[in-house]
Structure formats: C-alpha cells, structure tokens
Amino acid sequence: THRLDPIYLEGEVVTGATLPDTVELREIPDYNYRYVYVNGQRALIDPQTRRIMYVVR
C-alpha cells in the first residue's frame, strides 16, 4: 500500500469545492469516487470534476 500524504489548502474543506489538478487522488477499489486527506480530513472526490462529494467528519 502507498501512504497518502495529507494536502493542505487554504479555506474550509466543504462539499462542492474543487481540488486543483496538482492534488493526487487515490483510488477506492470497486467505487466511482477517489479519496484524499485535505487539511486533516478525509474527503471523497469525483475524479471527473475533482469536486469534493463528501467530507468525513
């Protein structure tokens, strides 16, 4: 497994926000979304739009 480094971005991590192309998204087996750690929070990302779909709080 690869360790995913956390990403730190300005602003609050909210549903609907778009991540820059420089942010590496990790695959989730058998699932359409990707995930990333942003500002210490896990978030599910739509890989086509790079929008945050869900933030795990």
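Contact map, the stretch 6-21: residues that are surrounded by 10 or more Cβ atoms within 10 Å (Cβ to Cβ) paired with residues that are in a loop (DSSP other than H, G, I, E, B) and modelled with pLDDT under 95, Cβ distance under 6 Å, separation 6+ or inter-chain. Pairs shown: 7/23; 13/39.
Criterion applied to 57, 34, 3 was being in contact with a strand residue (DSSP E or B) (Cβ under 8 Å, 6 or more places away or on another chain), at pLDDT below 90 and not small (Gly, Ala, Ser), and the one residue passing it is 57.
Of everything listed in (1) touching a Ser or Thr at 6+ places or on another chain (Cβ under 8 Å); (2) assigned to a loop (DSSP other than H, G, I, E, B), the single unmet condition for residue 10 is (1).
I'm checking my understanding of the structure. Among residues of the stretch 37-49 that are more than 8 Å from the chain's Cα centre (by Cα) and modelled with pLDDT of 95 or more, which one is farthest from residue 8 (Cα to Cα)?
Initially, the stretch 37-49 is screened for residues more than 8 Å from the chain's Cα centre (by Cα), giving 39-41, 46-49.
From what's left, modelled with pLDDT of 95 or more: 46-49.
Details: 46: 19, 47: 19, 48: 21, 49: 19 Å.
Filtering the stretch 37-49 for residues that are more than 8 Å from the chain's Cα centre (by Cα) and modelled with pLDDT of 95 or more, the one farthest from residue 8 (Cα to Cα) comes out as 48.
The values are calculated or read from the model by the stated rules, or taken from the named source; none is laboratory data. It should be emphasised that the depicted structure is a prediction, and the values quoted were computed from it without experimental measurement. Note that each Cβ is placed from the backbone with ideal geometry, even for glycine, and that neighbours are counted across all protein chains shown.
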